[in-house]
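Here the structure is laid out as structure tokens; the discussion comes afterwards.
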Amino acid sequence: MEITSFNPTRRTLMGPGPSDVSERVLSAMSRPTLGHLDPEFIQMMDELKVLLQYTFQTENPLTFAVSAPGSAGMECCFANLVEPGDKVIICQNGVFGGRMKENVQRCGGVAVMVEDDWGRAVDAQKLQDALTEHPDACLVAFVHAETSTGAQSDAKTLVELAHQHDCLTIVDAVTSLAGTPLKVDEWGIDAIYSGSQKCLSAPPGLSPVSFNDRAAEKIRKRTTPVQSWFLDLNLVMGYWGGDGKRAYHHTAPVNGLYALHEALLVVREEGLENAWDRHYRNHLLLREGLQGLGIDFVVDEADRLPQLNAVTIPAGVNDAEVRGRLLNEFNLEIGAGLGALAGKVWRIGLMGHASSTQNVEFCLRALGEVLD
Ligand SMILES: Cc1ncc(COP(=O)(O)O)c(C=O)c1O
């Protein structure tokens, strides 16, 4: 087998992530690699923290990027906040809530599941009932933007309910961050994780996280060690900590962090509100075009995510064939259904850099031609 340099085809990524990465961010990534304790690099990390705080809308000092994808951010939150025996209420309305349950159980916790139909937002009344039924619960976890279904839940209300019952909250914002309104401090979210590859449009492989003081205190007061060495925040903070002293913990993905820094700068330059607004406007444009093609949404209008549009595959249409033709003839990726929705829906992402009028028009034209 002859192996030469890998030169991928340029695609338009309109699936559930990764989203398209701009030339500007890609070129930031190709700058010279520095040592991970180099003073210049450390200054860049300090800036990265400020940019993440802006994007999360928080002043939490414990805000940084875990050196691994969104699943590691998820695991970081659960591994640090769940101790053996802790009861955690998990609201599940799609694939990713199921992973939260796995995490709790692997940390030795007890998961209490509050189930909602896939494609619906989390029902606040069901959470209220579960909190009343389980006064010994100490944590509530849910997914803000369920990528598997395209449904958005009311994070502010769910966090308020959890706090009324003295529970801390873990929120999955992998798909919501920078795509839809999210206000960590104003809504009182205690621990949150996201991913670099969705509405931030940085390359995959990094997971921004943030913990408020109450979450940090629970971690400090643990009576058992965090079972993951790599994700133990007490150790990680020796590297990311704000006290000016940085000690080796692991070799940071230096160039990936340059890319995240640049992507966050792009978000700040546009302004978060403008980014949220752009995602919403492009969603409306896509909705209008899909209606013209006779394609319906899975999620009720009030709960739809603008950045992830789950639509029902029209009757008689071959799912794999359509996606295959879009990829091969148009270099356009849209997403297949996941879990219970596999084969039934397409997931059209309008995330970050990929959320543009041109992409909406391109996708509608390509889909129209293929369906014809
Ligand atoms: C809501 C949600 N949570 C968690 C993850 C896991 O992130 P990653 O694939 O970066 O590990 C994803 C990925 O798509 C996601 O959409």
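The values are calculated or read from the model by the stated rules, or taken from the named source; none is laboratory data. The structure presented is a predicted model; accordingly, all values stated were derived computationally and were not measured. A quick note on method: Cβ atoms are made from the backbone with ideal geometry, for glycine too, and the neighbour counts reach across all protein chains shown.
Annotations for the structure displayed:
- Note on the stretch 179-198: residues that are more than 16 Å from the ligand (Cβ to nearest atom), surrounded by fewer than 24 Cβ atoms within 10 Å (Cβ to Cβ) and not charged (D, E, K, R) total 3.
- Filtered residue count, the stretch 327-372, keeping only those that are in a helix (DSSP H, G or I) and either surrounded by fewer than 16 Cβ atoms within 10 Å (Cβ to Cβ) or at pLDDT 95 or above (or both): 24
- Within the stretch 325-362, being under 18 Å from A275 (Cβ atoms) and touching a Phe, Trp or Tyr at 6+ places or on another chain (Cβ under 6 Å) holds for no residue.
- Scan of the stretch 47-97 for residues that are in contact with an Asp or Glu (Cβ under 9 Å, 6 or more places away or on another chain), under 24 Å from A202 (Cα atoms), away from the ligand (no atom under 12 Å from the Cβ) and hydrophobic (A, V, I, L, M, F, W, C), ordered by number: F56, L62
- Residue match in the stretch 141-163 (condition: over 22 Å from the mean Cα position of the chain (by Cα), among the basic types (K, R), more than 13 Å from the ligand (Cβ to nearest atom) and modelled with pLDDT of 95 or more): no
- Criterion applied to S176, S210, S201 was being under 20 Å from A252 (Cβ atoms), within 16 Å of the ligand (Cβ to nearest atom) and not in a helix (DSSP H, G or I), and the one residue passing it is S210.
- For Y239, the criteria (1) in a loop (DSSP other than H, G, I, E, B); (2) in contact with a His (Cβ under 6 Å, 6 or more places away or on another chain) hold in every case but one, which is (1).
- Considering the stretch 164-173, and only residues there that are more than 11 Å from the ligand (Cβ to nearest atom) and not in a loop (DSSP other than H, G, I, E, B), the residue that is nearest to Q307 (Cα to Cα) turns out to be I170.
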